[in-house]
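First up is the structure itself, then whatever we jot down about it.
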Amino acid sequence: MFNNGEIAFIDVGSDKIFVKVGMIAKDNVFNIKASSEIGYDGFMEGDWLNGDEVSKSVTYCLDKALYNTQNKLSAIYVGVPSDFARVQTCANKMAFGCNHKINNGDIVTIKNGLAPNNDGRFEVIGSGVIGYRLDGKYETLEPIGKICYNLEVSLSFNMCKKSFCDLFKTILSDYTRRVKFIPLSLAQGLMATDKNVRLKNSAVLVDIGYLTTDIAYIRGDGLVALNTLPVGGGHIAYDLSYGLEIDYNQACDLKKELDLNVDDGEIEIETNKGLANVEKSFVNMIAKARIEEIAELIGDIIAKYPIKYESFLKIYLTGRGIAHIKGVRSVIASAINRPCELIKAKYDERNNIYLSTASIIQYTCEKDKQSKPNLLSKLFN
C-alpha cells in the first residue's frame, strides 16, 4: 500500500509514453500535480523497435514532470502493455462435506493452492478472479457468507516479461525504491466494461493503438485470454501516405479528420506532386481496407477462443489509433458481423488523460487503497 507521498503513473504506449504525478487525497481525489508525454519509436511483437531509446524517453518524461518538485516519489506504477504480458488461468476446488458458510479463510486457502507455470522469463504481477462456483452451478464474485457443499474458483494470473520488469526497475531506481507493474489490459477491461455482464457472460475489449492492437477476453474480474496484433492506427496512416502520395505526418493528420460515413465531396491535400483534390470516397476506401483487415484479424482470434464468445455479445472498442475516425465502429461491426460499442479513448479531456492512463490509476487505487472503494466517481476532481 502506498503512503501519502507523491506517486507517479507511467503509461507505455506503442508510440508515446505518458507520465502523471500527484497524490491520492483523503477524499479519494487523485490530484494531478504534473504531467508529461513524449513520442518514441515504440514496440511491436513483444520487442522495442529502438531499445536504446526507451531509457532516455522514460527519464526525460519523468524529469519533465518532476521539474518543479523536490520530493522523492513514494512509488511509481507502470502499466504493462499486452505485448510484454501473458495470462494463465488456473482452477481449484474445496469439498466441505456438509453445508458450510464460506469465510475469508476458505478464500485464502483455495487461492493458495494455485500458481502459474513459469519458466523464469516472466514475473507474476497480479491476479484476478474469473469466478467462484458453488455446488457446481451458482457463479459469483462474492462468495463470502454464502452456503455450499463444494466451492470452486477460477483464477487468472497476470504475468510480465522479466526483461521488461528489469528494464524499468533499472531506469526508475534513481526515482524511488518502490516500482510496481500493472496489467494494463486487465485494468482497462475492468474500467470499460460492465461487471454484471462480465460475470453473467464475458466481455472482449479491443484496444487499437498506434502500432499494435490488443484483444482482451475478460470474465468476472480476470482475463481469460490476451492477444496482440502487430498492426494499428499507424498502418492506416501509412496506407494513406502511400496511396495518396503524401507525407506520413500529413497522413496522420488526415486520419484524424476521416469521416467514413461521408463519401461525397473532395478533399484538398498537398501531395508529392503539389496540391490536388481527391475524392473522399477514394480516401475512405484506402482507410476502410486497412480497418476491415484489422477487424477480420480480430474476428479470427475471437472465433478461436476455447471458451466460446457468443455472437450476440458486443465487442468494446477503444484506442488512440482509431479515436478520431468517425464511422469506425460501424465499419468494424460490419466486418466481423458483431455488435460493437466504441469507448472514448480520451477519458478526461480537461486533464488530457486517456483511458489507458485512467485505468492504471483506478486499478492501483482500488488494489492498494481498499478502504476507499468509491474512487471511480471521484477519480478526477
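Which condition breaks for Ser127 when tested against (1) within 18 Å of Thr109 (Cβ to Cβ); (2) among the polar types (S, T, N, Q); (3) over 22 Å from the mean Cα position of the chain (by Cα)?
For Ser127, the exception is condition (3).
Tell me which residues, restricted to the range 142-186, are in contact with a strand residue (DSSP E or B) (Cβ under 7 Å, 6 or more places away or on another chain), buried (at least 16 other Cβ atoms within 10 Å of the Cβ) and among the aliphatic types (A, V, I, L, M).
Within the range 142-186, Leu151, Val153, Leu155, Met159, Leu172, Val179, Ile182, Leu184, Leu186 qualify.
Inspect all residues belonging to the range 44-54 and state whether any of them is at pLDDT 95 or above, in a helix (DSSP H, G or I) and either among the aromatic types (Phe, Trp, Tyr) or open to solvent by less than 10 Å² (accessible area, probe 1.4 Å) (or both).
yes
For residues in the range 224-255 being outside any helix (DSSP H, G or I) and among the hydrophobic types (A, V, I, L, M, F, W, C), which is farthest from the chain's Cα centre (by Cα)?
Checking each candidate, the answer is Ile246.
Test of understanding: among Tyr60, Tyr67, Tyr132, which residue is open to solvent by 40 Å² or more (accessible area, probe 1.4 Å) and modelled with pLDDT of 95 or more?
From the options Tyr60, Tyr67, Tyr132, the qualifying one is Tyr60.
Surrounded by 20 or more Cβ atoms within 10 Å (Cβ to Cβ), in contact (Cβ under 8 Å) with a residue 24 or more places away in the chain and at negative phi: does that describe Val124?
No: the conditions fail for Val124.
Does Ala335 satisfy the condition of being open to solvent by less than 90 Å² (accessible area, probe 1.4 Å), in contact (Cβ under 8 Å) with a residue 24 or more places away in the chain and either not hydroxyl-bearing (Ser, Thr, Tyr) or not in a strand (DSSP E or B) (or both)?
So Ala335 fits the description; yes.
Would you point out the residue of the range 82-121, among those that are in contact with a helix residue (DSSP H, G or I) (Cβ under 6 Å, 6 or more places away or on another chain) and within 29 Å of Arg177 (Cβ to Cβ), that is modelled with the lowest pLDDT?
Arg121
Do we have Asn352 as surrounded by 14 or more Cβ atoms within 10 Å (Cβ to Cβ) and more than 15 Å from Gly233 (Cα to Cα) here?
The answer is yes for Asn352.
Take the residues of the range 230-253 that are in contact (Cβ under 8 Å) with a residue 24 or more places away in the chain and open to solvent by less than 20 Å² (accessible area, probe 1.4 Å): which is nearest to Arg290 (Cα to Cα)?
Ile236
Is it the case, given these coordinates, that Val21 is modelled with pLDDT under 90, surrounded by 13 or more Cβ atoms within 10 Å (Cβ to Cβ), farther than 25 Å from Pro230 by Cα and not charged (D, E, K, R)?
The answer is no for Val21.
Which residue is nearest to Ala303 (Cα to Cα), if the candidates are limited to the range 213-229 and must be of a type in the set (S, T, N, Q) and open to solvent by 10 Å² or more (accessible area, probe 1.4 Å)?
Asn227
Which residue is surrounded by the most Cβ atoms within 10 Å (Cβ to Cβ), if the candidates are limited to the range 106-121 and must be assigned to a loop (DSSP other than H, G, I, E, B) and hydrophobic (A, V, I, L, M, F, W, C)?
Among them, the one singled out is Leu114.
I'd like to check which strands (runs of 3 or more DSSP E) are fully inside the range 131-197 and have at least 3 residues that are over 17 Å from Cys90 (Cα atoms) and within 18 Å of the chain's Cα centre (by Cα).
Those strands (runs of 3 or more DSSP E) span 179-183.
Of the conditions (1) assigned to a loop (DSSP other than H, G, I, E, B); (2) under 30 Å from Thr89 (Cα atoms), Asp264 fails just one. Which one is it?
Only one criterion is unmet by Asp264, namely (2).
Which one of the conditions (1) more than 30 Å from Leu244 (Cα to Cα); (2) assigned to a helix (DSSP H, G or I); (3) at pLDDT 95 or above does Tyr316 fail to meet, given that it meets all the rest?
With (1) more than 30 Å from Leu244 (Cα to Cα); (2) assigned to a helix (DSSP H, G or I); (3) at pLDDT 95 or above applied to Tyr316, the lone miss is (2).
Does any residue in the range 201-228 that is within 21 Å of Gly131 (Cβ to Cβ) come within less than 7 Å, Cβ to Cβ, of a residue that is aromatic (Phe, Trp, Tyr) and not in a strand (DSSP E or B) six or more places away or on a different chain, and which pairs are these?
That search, which allows pairs on different chains as well, returns Ser202/Tyr309; Val204/Tyr309; Tyr217/Tyr305; Tyr217/Tyr309; Ala225/Tyr305.
Please verify whether Glu152 is free of Cβ contacts under 8 Å to residues at least 40 places away in the same chain, on the phi < 0 side of the Ramachandran plot and of a type in the set (Asp, Glu), treating the condition exactly as stated.
Taking the combined requirement at face value, the residue does not satisfy it.
Run down Glu296, Glu366, Glu310 and say which single residue is in a helix (DSSP H, G or I), exposed (fewer than 15 other Cβ atoms within 10 Å of the Cβ) and not polar (S, T, N, Q).
Every option except Glu296 fails the conditions.
Looking only at the range 268-293, which residues are under 28 Å from Thr212 (Cβ atoms), open to solvent by 20 Å² or more (accessible area, probe 1.4 Å) and of a type in the set (A, V, I, L, M, F, W, C)?
Within the range 268-293, Phe282, Met285, Ile286, Ala289 meet the criteria.
The values are calculated or read from the model by the stated rules, or taken from the named source; none is laboratory data. Model, not experiment: these values are computed from the prediction. FYI the Cβ positions are ideal-geometry reconstructions off the backbone, even for glycines, and counts take in every protein chain you see. Remember, those area values only see protein heavy atoms, side chains included, never the ligands or the DNA or RNA. Shrake-Rupley method; radii C 1.70, N 1.55, O 1.52, S 1.80 Å.
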